[in-house]
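The values are calculated or read from the model by the stated rules, or taken from the named source; none is laboratory data. None of the values given here were measured: they were computed from a predicted structure. All Cβ positions, even for glycine, are placed from backbone atoms using ideal geometry, and neighbour counts span all protein chains on display. Quick note on the areas: whole protein, heavy atoms, side chains included, nothing else; ligands and nucleic acids left out. Shrake-Rupley method; radii C 1.70, N 1.55, O 1.52, S 1.80 Å.
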Amino acid sequence: MTETKEIRYQGHLHELQKQLMGDYYAQLTAIATGRSDTKNAHLLIAGNPVELVRAFGMIPVFPEVNVLQLAVRKQSLPLIQKAEELGYAVDNCAYVKADVGLYLSGYQAPYGTIPKADLLLCNYVGCNVYLNWFEHLAELTGAPAVNIDIPFVRSADGEPSPGDVDYVVKQLEELIVQLENITGTSLDMPRLRRTVENSALVGEMWAEIKDLTKRRPAPYDAYFDSVTMMAVLYCLRGTDEAVTFFEAAREELSRRAAKGEGPLPEERFRVVIEGPPPWPFLRVFRDMFSRWGAVAVASTYSTVGGIWEFGFRHDPQRPIESIARHMLQYNLCNRTFLQRYDQMARYVDEWSADAVVIHSVKSCRLFSAGQGDMREYFVREREVPTLLIESDLEDPRYFSQAQLRNRIDAFFEALSQRRLTAASDAQLAAGGAR
Amino acid sequence: MTLATAAPIEAVERYRESVEDRAFPTVREWRARTGRMVTGCFPVYAPVELAYAAGMLPVGLFGAGNQIEMAHADSRFQSFICSIVKSTLELAFVDRLAPFDALMFESICDPARNLASVMARNFPDRHVTYVHLPQNMTSPATVDYLAGEYRRAADELGTVSGHVVGTEDLRSAIGAFNGLRARLREIYQLRASSPEKISTAELYTLARLATLTDPADSEPLIAESIATARARESRPKDRVRVVLVGSFCEQPPLELITAIEESGCYILDDDFLLGWRLFKRDIAVDGDPFRALALAYLDGSVHLSTKHDLRQPRAAALIASARAHRADAVIFLGAKFCEPGLFDYALYRKALEQEAIPHLFLEFEEKMWMYDKIRTEVETFVESMLFT
Ligand code: SF4
Ligand code: SF4
């Protein structure tokens, strides 16, 4: 094992992202403090119709992004506890609890102030907790709420039926009427097309960026570094700023790839990581992999809000239908658990990974329920070394550092051993043949 | 049994053991008698009529209760997942699902949805139908969607059974379950108005039996049982009148229900097995039956923790039920790790406190077999109620 020195993971892109996100939160704060009368809709990350929201000049607010940032800053626990005092259970998704706690604290976060929703737009894409979450926000805040129901994938080939598409398109058309009422303007179709076109451009660049990690070494970590790009992908999708950001990202990462640069001094293991990260301990967690030279070449978490790497693009010619398709079919959350196995298997094969790491989080049963079976599948059916570890994405009480480190060390120790054995077997075989 | 002195209800005596028996004796008997197939229906709500119309018996598949040791499923689903998900999978691993030809799961929560996938992967020979129940209850487009979804599910089940579901098949299936649900409403009404005549343990046994038998068989049994209970001359006891919520999916052991009653409560309303008695009134049997079934779900069903109807907040519905039943208190009896139930509790608690209705929070697991702790908690709660 190579003990890595203090690694600087963050570069130029990170700075650019910080600036964009700072501007975004400044806009939210301006609304919350009455300095702007821009309308806002709260919505959820998994497959959402943010293009419609943007086309009305409204600004999207993502509670998931708000609370994960609190966790990164190690400020989630008091908010979670505040919600628990109200009767929320220890076993409820901590994202929801942190958001409830944040609301009860006047929506004041260190990165900005969150405005109360003009519309609670619950895009029910896979996660059932989304429904509870926005129902609770509606009760707490009294804001108007709507559920956009996205039929979960039920067919073996993952295709929604024409009836499913029709159903979602109709709901989006009803949503347009609601947004018209909120903003007092009617839908500007050319503006919607431009927004959707921006999403298509970003989708294209994001897919190209994801392709870069097929190289050796991967120019960035597809789990830990993807997070930087995901913030912009989700919060600013549809805007010109997002396009500019992704142009810069593509350029920088392609340059690194061309120069053979990776995020670590040496790439020893290529892994696929499944599951959301433990936000309160992101850096510590990353170091546990870095010290083994392990780099994520692909991750399922980076597809929660959309899967672009297998070909989907928004279509400005059919904006509403393509938004519906994105919600129905092209994001991780609305696909079946077995389709996730297939997605990961594809990553292992096409991105040439040595192993799978499953990070099981207690809060998020959408992600985690059944991951023991997933491990079983990868170990037994596909013979891929697979590590299953547990903690949480928001609640620091479930992160057991020593235990995680032991498990990760033992796993990579065994992988190294296996590699040595395979190498000496190969040498022996070569010697024998000579 | 609290009503030991009252005339026994024959069906309760006969089936008390078998409703918890994971060898599924009633199901095996039906299969042997009819030679037909069976669909296992995971809670909370399954459109059972579709299976029945395909010539199959829809059977409630409520996990393994406290009847089976976990040996395989624990390694597939983590410690923080509710029992019923794991034990239902365990039943398959130990071949207890042999009497089931197909399984139906619905979009009730994230673990149940992933269970449908895990089940399908590990047991590919048993067909799995997954039904997406809508959560936009106000869009005019929803009814068409849901009718289409039911048609799709019926086609799948029809392919398994070899009997294509026609309009008349579905109409008569709806008729059969209308009859059963009317009886269940009736027995619930009887308990609400005269809880001294029928205990919840008795009522539960009968309602559970209804999930394990052909409605053609269970409906007359329940009708007979209602007649027996009505004729009892029991006198009301000095007990705390409660409405119970939180047990809509995973089911508490029957002994636990008995323990709560024996600790001094009359349970006047509950959400046990709620999916099997979801509708407030009969479903129309004229017109397009798929549409009728869909409309019943959208507009004719009672509130349910896994149905997010923004028109009717569930906490308000709970308060209304407590008021309508003149309840002294509410007991929340939630399955451990059940996310939808636990989320609802936070809203219930707020509403109950606002309305100054006392409540008790209890958690259970289907696999539990010691009830002393809960019994003591209920007794303490009852005493505090009686003395205030
Ligand atoms: S359960 Fe998972 S996907 Fe759903 S809100 Fe919580 S963290 Fe997000
Ligand atoms: S008990 Fe709750 S968490 Fe478990 S399957 Fe049922 S609804 Fe889902």
statement: If you go through A:Glu261, A:Glu266, A:Glu247, A:Glu321, the only one that is under 21 Å from the mean Cα position of the chain (by Cα) and acidic (Asp, Glu) is A:Glu247
field: Breaking point among (1) more than 20 Å from A:Glu139 (Cα to Cα); (2) open to solvent by 10 Å² or more (accessible area, probe 1.4 Å); (3) assigned to a helix (DSSP H, G or I), for A:Glu84
entry: (1)
query: Can you spot a residue in the range B:334-342 that is without any contact (Cβ under 8 Å) to a residue 24 or more places away in the chain and under 24 Å from A:Leu140 (Cβ atoms)?
result: yes
task: Could you please find all residues in the range A:282-309 being open to solvent by 10 Å² or more (accessible area, probe 1.4 Å) and either within 15 Å of ligand 1 (Cβ to nearest atom) or of a type in the set (Ser, Thr, Tyr) (or both)?
output: A:Tyr301, A:Val304
- request: Those residues that are among the hydroxyl-bearing types (Ser, Thr, Tyr) and more than 20 Å from B:Gly65 (Cα to Cα), I need them from the range B:8-38; list them, please.
  value: B:Thr34
message: Looking for something among the polar types (S, T, N, Q), within 16 Å of ligand 1 (Cβ to nearest atom) and within 12 Å of another protein chain (Cβ to nearest Cβ) - is there at least one such residue anywhere in the range A:141-163?
response: yes
Members of the range A:117-140 found to be of a type in the set (Gly, Ala, Ser), more than 10 Å from every other protein chain (Cβ to nearest Cβ) and not in a loop (DSSP other than H, G, I, E, B), listed by number: none
query: Residue check, A:Val165 against (1) open to solvent by less than 70 Å² (accessible area, probe 1.4 Å); (2) farther than 20 Å from A:Arg340 by Cβ; (3) under 20 Å from the mean Cα position of the chain (by Cα), all met but one. Which one?
result: (3)
- request: For the range A:141-167, name all the residues that are more than 22 Å from A:Tyr330 (Cβ to Cβ) and in contact with a Lys or Arg (Cβ under 9 Å, 6 or more places away or on another chain).
  value: A:Thr141, A:Gly142, A:Ala143
- prompt: Counting only residues that are of a type in the set (A, V, I, L, M) and away from chain A (no Cβ under 11 Å), how many does the range B:129-164 have?
  reply: 4
- request: Take A:Glu261 and decide whether it is part of a loop (DSSP other than H, G, I, E, B) and touching a helix residue (DSSP H, G or I) at 6+ places or on another chain (Cβ under 9 Å).
  value: yes
field: Count of residues meeting criterion [within 14 Å of another protein chain (Cβ to nearest Cβ) and open to solvent by 10 Å² or more (accessible area, probe 1.4 Å)] in the range A:94-116
entry: 3
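Residues are listed down the side, and each one gets a yes or a no for (1) closer than 27 Å to A:Leu172 by Cβ; (2) open to solvent by 10 Å² or more (accessible area, probe 1.4 Å):
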| position | (1), (2) |
| --- | --- |
| B:Asp125 | no, yes |
| B:Leu133 | yes, no |
| B:Gly148 | yes, yes |
| B:Ala154 | no, no |
- request: With the condition kept exactly as written, say whether any residue in the range B:135-145 is within 29 Å of B:Asp217 (Cβ to Cβ) and either buried (at least 18 other Cβ atoms within 10 Å of the Cβ) or modelled with pLDDT of 95 or more (or both).
  value: no
query: Is there a residue being within 30 Å of A:Asp91 (Cα to Cα) and assigned to a loop (DSSP other than H, G, I, E, B) anywhere in the range B:25-36?
result: no
- request: Among the residues of the range A:88-116, write down those that are assigned to a loop (DSSP other than H, G, I, E, B), β-branched (Val, Ile, Thr) and away from ligand 1 (no atom under 15 Å from the Cβ).
  value: A:Ile114
- prompt: Among B:Val330, B:Val302, B:Val382, which is within 14 Å of chain A (Cβ to nearest Cβ), over 16 Å from A:Glu139 (Cα atoms) and more than 15 Å from ligand 2 (Cβ to nearest atom)?
  reply: B:Val330
- request: Return the residue satisfying two criteria in turn: it lies in the range A:346-373 and is more than 16 Å from ligand 1 (Cβ to nearest atom) and within 13 Å of another protein chain (Cβ to nearest Cβ), and of such residues it is farthest from A:Asn92 (Cα to Cα).
  value: A:Asp373
message: Just the residues that are buried (at least 18 other Cβ atoms within 10 Å of the Cβ) and of a type in the set (D, E, K, R), please, taken from the range B:32-74.
response: B:Glu49
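Name the residue that is nearest to ligand 2 (Cβ to nearest atom), counting only residues in the range B:238-257 that are among the charged types (D, E, K, R) and away from chain A (no Cβ under 14 Å).
Top of the filtered list is B:Glu255.
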- line: B:Arg241 passes all but one of the listed conditions (1) outside any helix (DSSP H, G or I); (2) touching a Gly at 6+ places or on another chain (Cβ under 7 Å); (3) open to solvent by 40 Å² or more (accessible area, probe 1.4 Å); (4) at pLDDT 95 or above; the exception is number (2)
query: Mind checking which residues of the range B:75-128 are farther than 21 Å from B:Pro47 by Cβ, more than 16 Å from ligand 1 (Cβ to nearest atom), more than 7 Å from chain A (Cβ to nearest Cβ) and not in a helix (DSSP H, G or I)?
result: B:Ser79, B:Val94, B:Asp95, B:Arg96, B:Ala98, B:Phe123, B:Pro124, B:Asp125
query: Does the range A:329-336 contain at least one residue that is farther than 18 Å from A:Glu159 by Cβ, hydrophobic (A, V, I, L, M, F, W, C) and either out of contact with any Leu (no Cβ under 7 Å at 6 or more places or on another chain) or open to solvent by 30 Å² or more (accessible area, probe 1.4 Å) (or both)?
result: no
- line: Residues in the range A:190-215 that are in contact (Cβ under 8 Å) with a residue 60 or more places away in the chain and of a type in the set (A, V, I, L, M) total 4
- prompt: Applying the selection to the range A:315-344, what residues are more than 16 Å from ligand 1 (Cβ to nearest atom) and of a type in the set (Val, Ile, Thr)?
  reply: A:Ile320, A:Ile323
task: Within the range A:168-191, track down each residue that is out of contact with any strand residue (DSSP E or B) (no Cβ under 6 Å at 6 or more places or on another chain), under 20 Å from A:Gln329 (Cβ atoms) and not charged (D, E, K, R).
output: A:Val168, A:Val169, A:Leu172, A:Leu175
query: List, please: which pairs have Cβ atoms under 7 Å, are six or more places apart or on different chains, and start with a residue in the range A:118-137 that is open to solvent by 10 Å² or more (accessible area, probe 1.4 Å) and end with one that is of a type in the set (Phe, Trp, Tyr) and more than 10 Å from ligand 1 (Cβ to nearest atom)?
result: A:Tyr130/A:Tyr124
- line: So the helices (runs of 4 or more DSSP H) completely within the range A:318-434 holding 3 or more residues that are free of Cβ contacts under 8 Å to residues at least 60 places away in the same chain are A:337-350, A:371-376, A:401-433
